[in-house]
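Colleague: Got a structure for you, questions after.
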Amino acid sequence: MIFEWVSYIAFYLLVAVFGAFLAYCLYVHHVHQKYDHLPGPPRENFLLGHIQIFARTLKSDTIIHDLFLQWGEKYGPVYRLNTFHQVIIAVHCPEATKTIMMSPKYIKDPTVYKRLYNLFGKGKLYLNATLRFLGNGLITAADHDIWYRQRRIMDPAFSSTYLRSLMGTFNDMSERLMDHLEEIADTKTPAIMHDLVNCVTLDVICKVAFGVDLNFLKLTESPFQNAVELCLRGMVLDVRDPFFALMPKNWKTIQKIKDAVELLRKTGEKWIQERKTAIENGEDIPQDILSHILKTAEEEKVNSAKDHEQMLDNFVTFFIAGQETTANQLSFAIMELARYPEIYKRAKAEVDEVLGTKRDISYEDLGKFTYLSQVLKETLRLYPTAPGTNRWLHEDMVINGMKIPGGCSVAFNSYVSQRMEQYFKDPLKFDPERFDVNAPKPYYCYYPFALGPRSCLGQVFSQMEARVVLAKLLQRFEFNLVPGQSFDIKDSGTLRPKSGVICYIKHCS
């Protein structure tokens, strides 16, 4: 009798599972019919859609953005991608880019950014505990009200007046790199420039944001740099490979990534609490970004446990984005200057004319670096360090003559639009003249810091820092690329030079 009951239960469970699977397949079919009037690459699998193609690309030496560029050139400014029942509409149409990204009514896609709330989901058996990653910080908050409340608190810390006051820190931290390069030049050993500028940008963000001076160039081993690497890797694996977390062989890697997240959040907890205690005790505190944020948060009466967690979310965001993208931009700029002697000579001549022999760069000097700024802008055109963003299309829209039903994600990729012939002549050529004041301005196809209300809060900060570091480097040293290295790009969540940009360094004659 018991056996018969078990058999009945098993049978009905199988019927229920089969029925649910059939219903899901019908729903996927419905989604296909809804969007299949749009062009796009053929699906390799009815359910998986294009996931297998993405997975193969991740495992290869190519970067996925080159694949999106190929598809953009083949299928046009609007094309469709499928993953299970979800549809992503890739768009590089300038008018649609302007309409959607410049408006606050199109929120970030919650299905994408919720994945960065906790890396690899939560409550999984192979993880010790749920661990928040970027949470509801400035980058990941999809809800406009939650984002705007945080942005209002952050804005005073990035005012032009405060940014001008950071020139001393930019100079001091850059001088550490110059001193280190002096030693390297004397020993005539190659320098891995990406690693070195990464140390500088980490020093800068720690000092100006949190009042902590760590001097990464002097540290033989730093847990923070490894933690940032692991977190970036985790972002790529979790967002782009839905099966990675299901494989037991990957669980050890996932735990390492979780440990890296925990290190950053615990560090943030420690530094924030130390600052709050110092304020309560009436101690002298540095007027850094953290002090500005805490002051504004107090004025806004933003001090609940939930608000504290969001502050940690933004600590992790600043720690990663505040140094990683600038370091990558500087590395690519150094690589391209070393590849093109004429551009190098012109940039150096401008730096020499503006600075002469003086060591400290003033805020006013930055505005005189016209050509150097063009070099940095062209670097971000060819190598946008954080190229992807998306918005949720909640209503039907016509893009480039095609009706797009609402209820889908719209993906914008600056790497794609900034490397297309229709927007930039000879797009793979490194040419700073594109950004000359008299050159025609690109129309909503150049957006390395995104566009509209959700554009990067730290972009002015980042470009001030980049100009100081690069100007000092050009003023003091000559650099040549070690032969035989590649100029390929590594996709580690952000884009960076795969070679690390290995250079021979010499004192300027």
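Values in this text are rule-based calculations from the coordinates and carry no lab data. Since this is a predicted model, take the numbers as computed values, not measurements. Quick reminder, even Gly has a Cβ in these numbers, built from the backbone with ideal geometry, and neighbours come from all protein chains shown.
Colleague: Mind jotting down the distance between the C-alpha centroids of region 334-380 and region 404-467, whole Å?
Modeller: Cα centroid of region 404-467 versus Cα centroid of region 334-380: 21 Å apart.
Colleague: Taking a point 7 angstrom from the Cα of Q86 along the C-beta vector, which residues in region 237-257 have backbone N less than 15 Å away?
Modeller: Output list for this probe position: 237-245.
Colleague: Sort M101, M464 so that the residue with the fewest other Cβ atoms within 10 Å of its own Cβ comes first and the one with the most comes last.
Modeller: Lowest count first: M464, M101.
Colleague: Using the alpha-carbon atoms, what tilt in degrees (0 to 90, nearest 10) does helix 341-355 show relative to the longest principal axis of the chain?
Modeller: Orientation of helix 341-355: about 60 degrees from the principal axis.
Colleague: Could you state the number of Å between the C-alpha centres of region 279-314 and region 483-509?
Modeller: 38
Colleague: Quick one: of K59/K256; K105/K276; K252/K490; K98/K258; K256/K472; K429/K472, which pairs are farther than 29 Å apart, Cα to Cα?
Modeller: Pairs exceeding the cut-off: K105/K276; K98/K258; K256/K472.
Colleague: In addition: Take every Cα-Cα pair in region 312-465 and report what % of them are more than 25 Å apart.
Modeller: That fraction is 40 percent.
Colleague: How would V354, V15, V239 line up from fewest to most surrounding beta-carbon atoms within 10 angstrom?
Modeller: Ranked by crowding around the Cβ, least crowded first: V15, V239, V354.
Colleague: Given 0.36 nm per residue, what is the gain on full extension from Y24 to L58 after removing their alpha carbon distance, in nm?
Modeller: Fully extending the segment from Y24 to L58 adds 9.5 nm.
Colleague: Right, another one. With n ≥ 4 as the cut-off for DSSP H runs, can you work out [θ] at 222 nm for the chain, using -39500 (n - 2.57) per run divided by the number of residues, rounded to the nearest 500?
Modeller: Theoretical 222 nm ellipticity from helices: -17500 deg cm²/dmol.
Colleague: Tell me, S159, S304 in order of fewest to most beta-carbon neighbours within 10 Å?
Modeller: Arranged by neighbour count, lowest to highest, S159, S304 become S304, S159.
Colleague: How big is the Cα convex hull of region 275-349 in projection, averaged over all directions, in nm²?
Modeller: 7.7
Colleague: Classify region 432-471 as rounded, prolate or oblate, taking a ≥ b ≥ c as the square roots of the eigenvalues of its Cα gyration tensor: rounded when a/c is under 1.5, otherwise prolate if a/b is larger than b/c and oblate if not.
Modeller: Oblate, since a/c reaches 1.5 and b/c is not below a/b.
Colleague: Right, something else. Using the Kirkwood radius over C-alpha pairs as Rh, can you work out the diffusion coefficient of region 446-493 via Stokes-Einstein at 20 °C, viscosity 1.002 mPa s, in µm² per second?
Modeller: D, rounded to a whole number, is 152 µm²/s.
Colleague: Considering only the chain, what is the antiparallel percent among its DSSP beta bridges, to the nearest 5?
Modeller: Percentage antiparallel, nearest 5: 85.
Colleague: Assuming a viscosity of 1.002 mPa s and a temperature of 20 °C, what translational diffusion coefficient in µm² per second does Stokes-Einstein assign to region 36-507, Rh being the Kirkwood radius over Cα pairs?
Modeller: 91
Colleague: Tilt of helix 223-240 relative to the longest C-alpha principal axis of the chain, in degrees (0 to 90, nearest 10)?
Modeller: 40
Colleague: Under 18 Å from the Cα of K266, which aspartates and glutamates turn up, not counting those fewer than eight places away in the same chain?
Modeller: D213, E229, E274, D307, E309, D313
Colleague: A follow-up question, please. Along region 409-422, what does the Karplus equation 6.51 cos²θ - 1.76 cosθ + 1.60 (θ = phi - 60°) give for ³J(HN,Hα), rounded to whole Hz, x for Gly and Pro?
Modeller: My calculation for region 409-422 gives 8, 10, 9, 10, 10, 5, 4, 5, 5, 7, 10, 9, 4, 5 Hz in order.
Colleague: Rounded to the nearest 10 degrees, what's the angle between the helix 193-210 long axis and the longest principal axis of the chain, both from Cα atoms, 0 to 90?
Modeller: In the chain, helix 193-210 runs at an angle near 90 degrees to the longest axis.
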